[in-house]
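In what follows, a single structure is set out as structure tokens and then discussed.
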Amino acid sequence: MQIFHPTSAPLIMAVFCSLLSSLVGGPVVVKYSREPVTKTEGHFLSLKCLVQYEIQNCDIVNNWWYIKPAEGEAAPETEPKLITDPNHYVITVNETQKEQMRQRNIFLSFNSLSLKDSGYYQCDAKCLNSGTAAKGHLVYLNVTADPYKGLKVSTWSGQLKADAAVLAFSAILFLCCY
């Protein structure tokens, strides 16, 4: 009794190999933390994405960071937009190689966060020679308002002025006595 038709064997093998490679990791993998990030406006922040790929199957890799604005700013079904503004974001890449694997760290840096930077960020990678792609999950960045923004803090408060006056008077008295 024949279970499979002989012509279906290549199809079964292809499906099996595809499933196996997806379990193992495939030629390109994107990794980074799933934890949401909360920072105060005006601070520096760098998000890191790790892309691992096999040199043999993925010779040249393009990688990108995307942003999807927070729900209040865009419709929920809005697709993430490619980050391209070099005046607001700095993307740096460094790469290491170990045997037949390469690891590429892609950093998305903000020199001074603003409230508008709140949203969902995603890192993607694509092998140019094979077209194989990997997409990271969405990670949420919550930028909170700086509670001290706009406040003018005087270093010469009333108490400090009184302390300075007492210190000056003490110095004069000390010089006069000796």
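Bear in mind these aren't lab numbers, they're just calculated from the coordinates by the rules spelled out. All values reported here derive from a predicted model rather than from experimental measurement. We place every Cβ from the backbone using ideal geometry, glycine too, and count neighbours over all the protein chains shown.
Worth pointing out:
- Put in order of Cβ neighbour count within 10 Å, fewest first, the listed residues Tyr178, Tyr120 become Tyr178, Tyr120.
- Val61, Val51, Val29, Val93 arranged by Cβ crowding within 10 Å, fewest neighbours leading: Val93, Val29, Val61, Val51
- Sequence-distant contacts, meaning Cα pairs under 8 Å at least 6 residues apart, place the relative contact order of region 23-145 at 40 percent.
- The 3J(HN,Hα) values that the Karplus relation (6.51, -1.76, 1.60; θ = phi - 60°) gives for region 44-58 are, in residue order, 7, 8, 10, 9, 10, 10, 9, 10, 10, 8, 7, 4, 5, 9, 8 Hz. Gly and Pro appear as x.
- Here is the tail figure for region 23-145: Cα pairs spaced more than 23 Å apart come to 33 percent of all pairs.
- Paramagnetic reach from Lys116 (point 7 Å along Cα→Cβ, amide N under 14 Å) across region 24-67: 42
- Dipole moment magnitude, nearest 20 debye, region 23-145 about Cα centre, only Lys, Arg, Asp, Glu C-beta charged: 240
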